[in-house]
Amino acid sequence: MSLPPPSWLHPGLRLIEAERGVGWAEISVQADAFETVFRASGGRVVLPPQGVPALVAALVAAERAGVELHLSRRTDVMETGRAPDGPGFAVLLETSGTTGTPKLIRHDFQRLRGRLRGAADPDARWLLAYEPAAFAGLQVILTALAAGATLVSAPGAGAAELARLAVRHAVTHISATPSFWRAFLLALDGAVPPLAAVTLGGEVADQPLLDRLAERFPTAKLRHIYASTEAGALFAVGDGKAGFPAAWLDGGIDGVGLRVRDGVLEVESPRAMLGHEGGWLSTGDVVDLRGDRALFAGRLDGRVNVGGVKVSPEVVEQVLLDVPGVRDALVQAAANPVTGHILTALVVPAPGMEDMALRAAIRAAIADLPPAARPRLVTMTGSIALGAAGKKTRKGTA
């Protein structure tokens, strides 16, 4: 007889992956098999990408066996048998490596679940738009598991396929990067899913996108969340505005201390990675204070050296996204023999937008930027490719 599910997993959960339904009965069988292997592992095991049911079964088995579980985002990682970094059950996650080499972060499982507040909600239908083994993906999975909801996943699928699945399965909850949401909106054709909750995370949530989502899904709860693999889940903003209230820098929010030092956001998080001895942790995110709002202005390590001037591609990108008729944009660096680097831009026009008119609007929008921050080449495109994490991949930072 199989054991009952752990306290963090509602027995009524339902996973739909590749159009195949899976419940606790199937997961428990795989968890029993994993547990036998895990107990003989020596303290740490690695799970390469195998889909959501296998990931859930591995979490159950690792908790029972009291071992470290490395949820790998790659297929070429083999660490089974390596001595653990500490006793007992822990979860190891890889950072996305969007702007650098991925790092391996160790988390206490209870801390990972620290911001999950959802009560049982068996009618909820979640779409997994993140990698399952990413921090954000695991947060979505754990939320659905705790609520006894239905979770729809299709690892490796793009925005167009996930949009089709969202409509087909009448998905009510989606959490995804702003880049994914832009592609998702472009992919919707006629029918839309009955969304009750729209969540953005992983990248800067710009005001034009927030406004478009509020208009397209007027009855949905709209929020953007701030979290990182190192600091854990930090806070959520639900007022429909980009950034967060500057007042939070004085008193903190949801148990998290916030401050800006040398223009960079630092946090004091009760849900930070294991090994962090407490105190302030730099996020690497640059913040501008404008009136009563704190606005994100790119990554400190993402700035580009253009002729001796450091510029942020993300800040320039926000300027382009504010241009009427621009549905998406990617600003990145390209090598240049004179200045070292220049900025270039890919722009996705809104349907029916005339090319010359849009280029003129872009020129007007970037005219007030410092010369080094103006993209020297603007290319129109039908879409912008996203990495496995659902984020834009930037290259050429310096």
Tell me, yes or no, whether region 189-208 has at least one residue that is over 25 Å from GLY387 (Cα atoms), within 20 Å of the chain's Cα centre (by Cα), among the charged types (D, E, K, R) and crowded, with 16+ Cβ neighbours inside 10 Å. no
Taking region 233-262, which residues are touching an Asp or Glu at 6+ places or on another chain (Cβ under 8 Å) and more than 23 Å from PRO208 (Cβ to Cβ)? LEU234, ALA247, GLY252, VAL256, GLY257, LEU258, ARG259, VAL260
If LEU213 satisfies every condition in (1) modelled with pLDDT under 95; (2) farther than 23 Å from ILE105 by Cβ but one, which is the exception? (1)
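Suppose we keep only residues that are more than 21 Å from the chain's Cα centre (by Cα) and surrounded by 13 or more Cβ atoms within 10 Å (Cβ to Cβ) within region 289-304. Which one would you say is nearest to TRP248 (Cα to Cα)? Give the steps one after another, and end with the answer.
Just the residues of region 289-304 that are more than 21 Å from the chain's Cα centre (by Cα), to begin with: 289-293, 304.
Of the ones still in play, those that are also surrounded by 13 or more Cβ atoms within 10 Å (Cβ to Cβ) are 289, 293, 304.
Values: LEU289: 12, ARG293: 10, VAL304: 30 Å.
Here the answer is ARG293.
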Residues (modelled with pLDDT under 95 and of a type in the set (Gly, Ala, Ser)) located in region 249-262: GLY251, GLY252, GLY255
Restrict the check to region 235-252 and report whether at least one residue is touching a Ser or Thr at 6+ places or on another chain (Cβ under 9 Å) and closer than 30 Å to PRO87 by Cβ. no
Read through the list (1) of a type in the set (Gly, Ala, Ser); (2) out of contact with any strand residue (DSSP E or B) (no Cβ under 9 Å at 6 or more places or on another chain); (3) assigned by TED's automatic domain parsing to the domain that holds PRO324; (4) modelled with pLDDT under 95, then give the number of the only condition that ALA335 fails. (2)
Can you tell me which of VAL60, VAL37, VAL46, VAL56 is out of contact with any Leu (no Cβ under 6 Å at 6 or more places or on another chain), over 22 Å from ALA134 (Cβ atoms) and aliphatic (A, V, I, L, M)? VAL37
Quick check on ALA361: is it among the aliphatic types (A, V, I, L, M), more than 27 Å from the chain's Cα centre (by Cα), in a helix (DSSP H, G or I) and more than 29 Å from VAL260 (Cα to Cα)? yes
Residues satisfying the stated conditions in region 305-341, i.e. part of a strand (DSSP E or B), of a type outside the set (Gly, Ala, Ser) and more than 23 Å from the chain's Cα centre (by Cα): ASN305, VAL306, VAL309, LYS310, VAL311, ASN336, HIS341
Which residues, counting only those in region 285-303, are free of Cβ contacts under 8 Å to residues at least 60 places away in the same chain and either in contact with a Pro (Cβ under 7 Å, 6 or more places away or on another chain) or not in a loop (DSSP other than H, G, I, E, B) (or both)? ASP285, VAL286, VAL287, ASP288, LEU289, ARG290, ASP292, ARG293, ALA294, LEU295, ALA297, LEU300
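Could you look through region 276-288, keep only residues that are surrounded by fewer than 20 Cβ atoms within 10 Å (Cβ to Cβ) and closer than 23 Å to GLY202 by Cβ, and pick out the one that is modelled with the lowest pLDDT? Full working, then the answer.
Looking only at region 276-288, we keep the residues that are surrounded by fewer than 20 Cβ atoms within 10 Å (Cβ to Cβ), and these are 276-282, 284, 288.
Add one more test, that the residue is closer than 23 Å to GLY202 by Cβ, and what stays is 276, 280-282, 284, 288.
Numbers: HIS276: 82, TRP280: 94, LEU281: 93, SER282: 94, GLY284: 93, ASP288: 94.
Taking the candidates together, the pick is HIS276.
Which ones in region 120-177 are acidic (Asp, Glu) and either out of contact with any helix residue (DSSP H, G or I) (no Cβ under 6 Å at 6 or more places or on another chain) or buried (at least 24 other Cβ atoms within 10 Å of the Cβ) (or both)? Break it down into steps so the answer makes sense when it comes.
Going through region 120-177, the residues acidic (Asp, Glu) turn out to be 121, 123, 131, 161.
Hits for region 120-177 are ASP123, GLU161.
Residues in region 112-133 that are modelled with pLDDT under 85 and among the charged types (D, E, K, R): how many?
Residues that pass the stated criteria total 2.
The values are calculated or read from the model by the stated rules, or taken from the named source; none is laboratory data. Model, not experiment: these values are computed from the prediction. All Cβ positions, even for glycine, are placed from backbone atoms using ideal geometry, and neighbour counts span all protein chains on display.
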